[in-house]
Every structure is written in structure tokens, then in C-alpha cells.
Amino acid sequence: MQPYELTLADAAEAIRTGRLSPVELVDSVLERIEQVQPRLGAYVSVTADRARHAARRAADEIAAAGARGPLHGIPAALKDLIDVAGTATSASSRVREGHRAPGDSTVAARLSAAGAVFVGKTHTHEFAYGLTTPQTANAWDRGRVAGGSSGGSAVAVAARAATFALGTDTGGSIRVPAALNGVVGLKPTYGLVPRHGVTSLSWSLDHVGPITRTVEDAALVLGALAGHDPRDPASVAAPPADHRPGPGTDLTGLRVGVPGNYYFDHVDPDVEASVRRAIARLAELGARLVDVEIPMTRYIRPTHWGLMVPEASAYHERTLRAVPELYSADVRVLLEAGELMTAGDHLRAQRARTLLRQAWLDMMDTVDVIAAPTVPITAVAAGQTAVTWHDGTVESVSDAYVRLSAPANVTGVPALTVPVGLDPQGLPIGMQLMGRPFGEAAVLRAGHAYERTGTAGGLTPAA
Amino acid sequence: MSTDDLTPSEAARWAARSGLPLAPERQGAVAATADHIHSVVSVLRELDFGDTPPSAAYRAGGEQHDAAV
């Protein structure tokens, strides 16, 4: 096994016990990037010299005083919406030509303090306003979409071209590409991870979180990211927590909600079968399955759009007037049309969000976790724009990919995607585990137990 | 096209009121996208909000001073 193939937890253990140096690990990942980047296009930029320098420093620090923690000397990729001082945050857009971040984002500073080594910045759908990331190919089939908007981060992790990565999630942008590429993605509770220094799509819905190979790895990264920062007005003073799941796989006492509506409507039969098998596995591990009805489903998409659309247009107000021709066509028309939404529509969405949050809290009184598909379909062919369901209904690919993930953005609840199998075309399927606000421990416990006993750990793309 | 849909020229006028000039060749696509967005978000008018406040929060002090983490 090459060092680049190690999970974060295994690499950290190898470094801690002196069997692997950060220099070897970073070199191995940089070589892997060189190997896969021409085929997959996950990275916007690779900072090899800077990474090798940081790896040598980490090696010296560890030799002198031991590892500061599990991220010390671990190679990481950042979605290119996340500021690193002195480097460009391109947002995968021509609009950001010549950009230089004045300082580190909170998450980059925290990862650096924990000893992580940044190997590069990964592609996003332009300014995170889309679900496909056209610059990047799916790690399992280059003719299919990476998913988005954190497509580069998910593909980099799936292809073993980063030991872990960060993404952002406004309607599913961590979970969708993670599911489509067979890796783990965690959207934490709204406010748990500060967004200072992260380019916004929609302030009221944006989250930052990890994309990793395993649930345990996601917990390790979350531990370094979480915590209050007053520079993000939504940041909360949550109590310190060790998010790392225990070694056991016994789920006795865990109540897992299984939706009777919404989450299994208009879902591909292969996706549904895999997710239901995974839910049955949770029950075999001791979880008690509880039927739940998802409330107010008719108002999820209107609320999501009513928040996101005008906020995105507001963020881009200056540049949309100064350099509109530099935006991609799909993003430009959304930003322009968003200017025409009334304040009444935006406020109605905010009031609907208040109602949705309370209805979800009431529903989640009876369960610890809700289990459901992450996305209703696996990765579609690049260029495909619509899906036709068995009843003749036609849905845009973007609407389909966001449909099952957006509720966790509107409500702010934590949501994890875990690989649960492959469809007959050999494409990954993800199960979504949602918890109560700040209930990361429960979703990580369930995901980790599944992962330890299911098929997910063996998923490796051929790329 | 429903009665409250925007025509391309109406979309251009609304955009102009927002300080956003729309070239003639963009007006049709922007009107169609704006109408689609409107058709989605208008569903929220079905809800009786009563005294429900909006979800946006404002703190006069600017920061949470009780932050212990």
C-alpha cells in the first residue's frame, strides 16, 4: 500500500508511531495528484513547494515534540472558496482573476494550527452556484459529472489525491459530490464551523465541512474546525466535544427515523434498494427503526430558493454590474434574475424557515437520526440536464441533486453522507444520516458503525 | 405564461430599477428565469404565518460575548 492510499486515521497513526514521515506522505500524495489531475481535473492549483516545505516543518516538529494531534503532517485540499493568506481564492471563476486573499479563513488557520499540510485548492462549480462542477470529472467514470459544488474536493479524496478535503454546502454541495464519488461528507450543524474568510453563496444557508474517506476521518477533521469565531455572525458557542466515534458498532438505544414520505419519492430503484439495505443493517446493529413523516415538504424548495437566490445576487451585486461577461452563462442568468425577487418573497422564506425549523424539531423529538438517500440518482452523464421519472415527471438534474439535501440546509441540522454501495453501472450510492442540531455525535456514531460492518470501506474507484 | 409573468421588457425595467442594465439579448432569458423562480417561491403565499418572525437574527452587541470555546 502506498502512503497516499491511507485514510487520515491510519496515516496519523503511522506518523505518530514513526512508521511514516509527513515528508513521505506529502510526496506520495503530490505524485498521485500528478498522476490523476490530467484525467480528473480536481485541482485549480497545486502548491507543491509550499506543501513540501510544510511537510518538512511538520516532520521536524514531530521529531522534536511529538505530533500535536491527528492532523499533524496530513495532506489536505481546500475548495477554492476558502481563503489562504497570500494565495488566490479563484472560486473557479474568471471574475476572481488576480485575487489574493488578505488573510487565512478561520478553517484554514485552524487546520494549519493543527499541523495539516495544504497541497492545493480544488474546483467548485463557479461561486458554488451549481451542482455539477463541469471542470472536474467523476472519479469513477470520466464521462459523468463530479457533482457539486464541492466537486473537486470530493473527486480529489475519492481518487486518493488528498487525504482529506474541505467543502462548502448551501443546498447539498458537500454531500452531493461526496455521494456521487463514493466518499464521506459531513455538513455540520449551522453555526458550528465558522465561515470567516470563505466566499459566500448564501449567508443564511452556507456551511463548511469535511470530505473524507471514512466517518472516523470526518470526525477527526470536525474536531479541528468546530468552535466559536465572532467574525462569523452565525457562529455559535457550542460546548467543546470529542466528535470521534468509539470503536464499537453496537447501536442499541439509537432511534433511527425512516421517512415515509419525501425522501423515497422519485428515487431511482437501485438507490432506494441500497439505502434500505443499509438502514436494515443499522437495525441489525441494534438501532430501533421509527417511522417518521417529514413535515411541510411542499415548502422546502420555495424556502430554500427564497433565501438563496436573493442572497447570492446581493453578494455579487458589484461584480455583476462591473464584469458580467466574466461569469459563466448558467450562473450569470441566475444572479441577474435573482435581482428581480421582491423583499416580500425573501421575508416570506425567512418566516417559512422559522416554521420549518420548529416542525423539524418536533419531528426529531422521537428519533436521534433520520436515514435517507443523499441524492435520488447516481452520477449522470456530463451534459445531461434532466431526469425523467417513471411517472413521466421531468426534473432538472440540479433540482434532483439538491432535493434531498436542501432540507438540512434550511433547518440547519447536521447531515452526513456515507457510501452504501454501487448501482449496476458501478456508480456509488450514498446514504444520508441527519441528526438534531448539534447532534453530530449521533450521526457519526451511526455512520461509523455502518461503515465498520458494511461494504463502504472497500469502495475504491478504478481511476 | 401566467398573467403575473414578466415580459422581457418588464424584466429589463425591473432590473433597471435595481441598477442593473440588461442588454436586449439578455432580457428574454432573464425574464424566463425570474418567472421560474417566482413560480417556485410564490407557493409560500399559501402559508398563514400569523405572528411568526423571520429567521434572521440581529444582536445589538454585534458579538456573542458568552463564547467560551
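Here, each number is a calculation from the coordinates, and none is a lab measurement. The model shown is predicted, which means the values in this text are computed figures rather than measured ones. Every residue, glycine as well, gets a Cβ built from its backbone with ideal geometry; the counts of neighbours run over all protein chains shown.
Assorted remarks:
- Given (1) surrounded by fewer than 19 Cβ atoms within 10 Å (Cβ to Cβ); (2) in contact with a helix residue (DSSP H, G or I) (Cβ under 6 Å, 6 or more places away or on another chain); (3) farther than 30 Å from residue A:132 by Cα, index of the condition residue A:20 fails: (1)
- The test for being outside any helix (DSSP H, G or I), touching a residue at least 60 places away in the same chain (Cβ under 8 Å) and out of contact with any Cys (no Cβ under 6 Å at 6 or more places or on another chain) holds for residue A:69.
- Check on residue A:354, more than 29 Å from residue A:424 (Cβ to Cβ), surrounded by fewer than 18 Cβ atoms within 10 Å (Cβ to Cβ) and in contact with a Pro (Cβ under 8 Å, 6 or more places away or on another chain): yes
- Hits in segment A:267-278 - residues which are surrounded by 18 or more Cβ atoms within 10 Å (Cβ to Cβ) and part of a helix (DSSP H, G or I): A:271, A:274, A:275, A:278
- Among the residues of this structure, residue A:124 does not count as one that is more than 23 Å from residue A:327 (Cβ to Cβ) and in contact with a strand residue (DSSP E or B) (Cβ under 7 Å, 6 or more places away or on another chain).
- Subset tally (residues that are at the interface with chain B (Cβ under 7 Å from one of its Cβ atoms) and either more than 14 Å from residue B:30 (Cα to Cα) or not in a helix (DSSP H, G or I) (or both)) for segment A:305-336: 3
- Residue count, segment A:136-172 (criterion: on the phi > 0 side of the Ramachandran plot and over 11 Å from the mean Cα position of the chain (by Cα)): 1
- Yes/no for residue A:179 being touching a Leu at 6+ places or on another chain (Cβ under 7 Å), assigned to a helix (DSSP H, G or I) and surrounded by 24 or more Cβ atoms within 10 Å (Cβ to Cβ): no
- Only one of the numbered conditions (1) charged (D, E, K, R); (2) touching a strand residue (DSSP E or B) at 6+ places or on another chain (Cβ under 9 Å); (3) part of a helix (DSSP H, G or I); (4) within 14 Å of chain B (Cβ to nearest Cβ) is violated by residue A:298, and that is (2).
- Of the criteria (1) in contact with a Phe, Trp or Tyr (Cβ under 7 Å, 6 or more places away or on another chain); (2) not in a helix (DSSP H, G or I), which one residue A:37 fails: (2)
- With respect to the conditions (1) under 28 Å from residue A:112 (Cα atoms); (2) among the hydrophobic types (A, V, I, L, M, F, W, C); (3) within 14 Å of chain B (Cβ to nearest Cβ); (4) in contact (Cβ under 8 Å) with a residue 60 or more places away in the chain, residue A:237 falls short on a single one, namely (4).
- Reported count of residues in segment A:337-352, each being without any contact (Cβ under 8 Å) to a residue 12 or more places away in the chain, within 7 Å of chain B (Cβ to nearest Cβ), part of a helix (DSSP H, G or I) and closer than 22 Å to residue B:32 by Cβ, is 0.
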